[in-house]
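Here the structure comes first, spelled out in structure tokens, and everything after it is commentary.
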Amino acid sequence: MLAIVGLICSRLSSNPYVGTAAAPGQLQAGLLPSGTNSCAATTQSGPGAGTDVGRLACGFGILRSRNNGGYSNYEALQTEFRANNMFKQLTMRTGFTWSKTLDNVSEIFSTATAGNTLFAAQNPFNTGAGEYSNSGLNIPFVWSILFNEQIPFFKEQHGLVGHVLGGWSVSADYLLGSGQGYTPLQGNGEALSSPFGNVYDTNWVLAFVGADVARPFAGSSSAPANAVGAFAHDACASTAVACTTANRTALAALPVNTLVSINALNNGAITPVTNSQVRYIMNTASAQTIFGTPFGNVSRNPASDAISNIVNFSVYKNMRLGEHATFEMHATALNAFNHFNFGSVVPNLEFAGVGSFGADFANPKVTAAGGRTLFVGGVVRF
């Protein structure tokens, strides 16, 4: 059993918006301790002059900083078996790792897909426990095996038959691993229009992130992984959702607490659903009112993309060319069984049910995948 605790660099908002009576934020929403400092001066100096009213400090402007506030915890059971020159012909190595990696940020840059989907914390005042969850680097199960077998027949390569049938060897490796974690992402600012005020610091999000830092609300873990819902009055809040004029009118006529399927809406239908029928509920103004908080309760990296399943295979032929020279010919098949290993996953909730290449939430099959690749070559050594 192996356990490692480490520090990671993180990027965060260093001068977050707190709020004022005229322009409420987290303080007025009761999300921060009473008396939390905020800039009240209207006459300021420094790079943030005139823009810092309501922020944590005066004169600094909208700041993004890097620090060592990230931390991680890796625990694993690692096993391995090795055999060297077994029966004077076989070398083999196989290992299995069962592990769990937790952290509050996995990288300082966003990947916008699996790994470190979003670098920014949902709440700039809670970048520790509020973000601590499965790491984007968490690969729970990995099994690998590799071997090299030197065919024992006609090793001396005497005569024509020996030269043809001797000197052959084969090698292969196989990797089977869990998918990589990702965080469902809202890409069109649905959460920024919050009944709680400017709790997400809109200017900072627009300047440094470009997507909602808000995470969605949880539906049911037994619902399909790509099933997404939104409350009726906000279902068309994103321009990425395929809403017709007729659908907008029909949704506006429904009760505000009616949950509808984004998957169906992207296919032209309005389908009411229950919390148990969707995996995620989009974080919008209506959802925040209904759940009583602006912050989504879905943790970081609750889902994962496709597994890795790769076999590579090579055949070698060594032929002696006299006393001091040899000719080696080899043929290699990468991904020999042509199993598609998809590059990643689309994390955008707005694309649920779209079904197009590059635009279908939680469906790795709409991302690039490399097929079988063959190489043939030779080399003379003397």
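Annotations
- Residues of the range 52-77 satisfying the condition of being under 29 Å from Gly197 (Cα atoms) and exposed (fewer than 14 other Cβ atoms within 10 Å of the Cβ): Ser65, Arg66, Asn67
- Top-ranked residue in the range 206-225 [being surrounded by 21 or more Cβ atoms within 10 Å (Cβ to Cβ) and not small (Gly, Ala, Ser); ranked as farthest from Leu259 (Cα to Cα)]: Val213
- When restricted to residues that are in a loop (DSSP other than H, G, I, E, B) and either surrounded by fewer than 17 Cβ atoms within 10 Å (Cβ to Cβ) or touching a strand residue (DSSP E or B) at 6+ places or on another chain (Cβ under 7 Å) (or both), the range 243-278 contains 15.
- Contacts under 9 angstrom Cβ, first residue in the range 300-316 being closer than 14 Å to Thr332 by Cα, partner of a type in the set (Val, Ile, Thr), 6 or more apart: Asn312/Thr332; Phe313/Val170; Phe313/Thr332; Ser314/Val170; Ser314/Thr332; Val315/Val170; Val315/Thr332; Tyr316/Val170
- For Asn226, the test of being at positive phi, in contact (Cβ under 8 Å) with a residue 60 or more places away in the chain and within 19 Å of the chain's Cα centre (by Cα) is failed.
- In the range 333-350, of all residues being crowded, with 17+ Cβ neighbours inside 10 Å and over 18 Å from the mean Cα position of the chain (by Cα), the one that is farthest from Ser238 (Cα to Cα) corresponds to Ala333.
- Boolean, Asn283 is of a type in the set (S, T, N, Q), modelled with pLDDT of 95 or more and over 15 Å from Glu190 (Cα atoms): no
- Yes/no for Val199 being crowded, with 23+ Cβ neighbours inside 10 Å and among the β-branched types (Val, Ile, Thr): yes
- Annotation note: of Glu80, Glu131, Glu107, Glu190, the sole residue that is in contact with a Cys (Cβ under 9 Å, 6 or more places away or on another chain) and either assigned to a loop (DSSP other than H, G, I, E, B) or exposed (fewer than 14 other Cβ atoms within 10 Å of the Cβ) (or both) is Glu107.
- Yes/no for Ser286 being more than 30 Å from Phe154 (Cα to Cα), out of contact with any Lys or Arg (no Cβ under 7 Å at 6 or more places or on another chain), surrounded by 17 or more Cβ atoms within 10 Å (Cβ to Cβ) and free of Cβ contacts under 8 Å to residues at least 60 places away in the same chain: yes
The values are calculated or read from the model by the stated rules, or taken from the named source; none is laboratory data. Fair warning: this is a prediction, and the values are worked out from it, not measured in the lab. Heads up, the Cβs are rebuilt from the backbone with ideal geometry, glycines too, and the neighbour counts pull from every protein chain shown.
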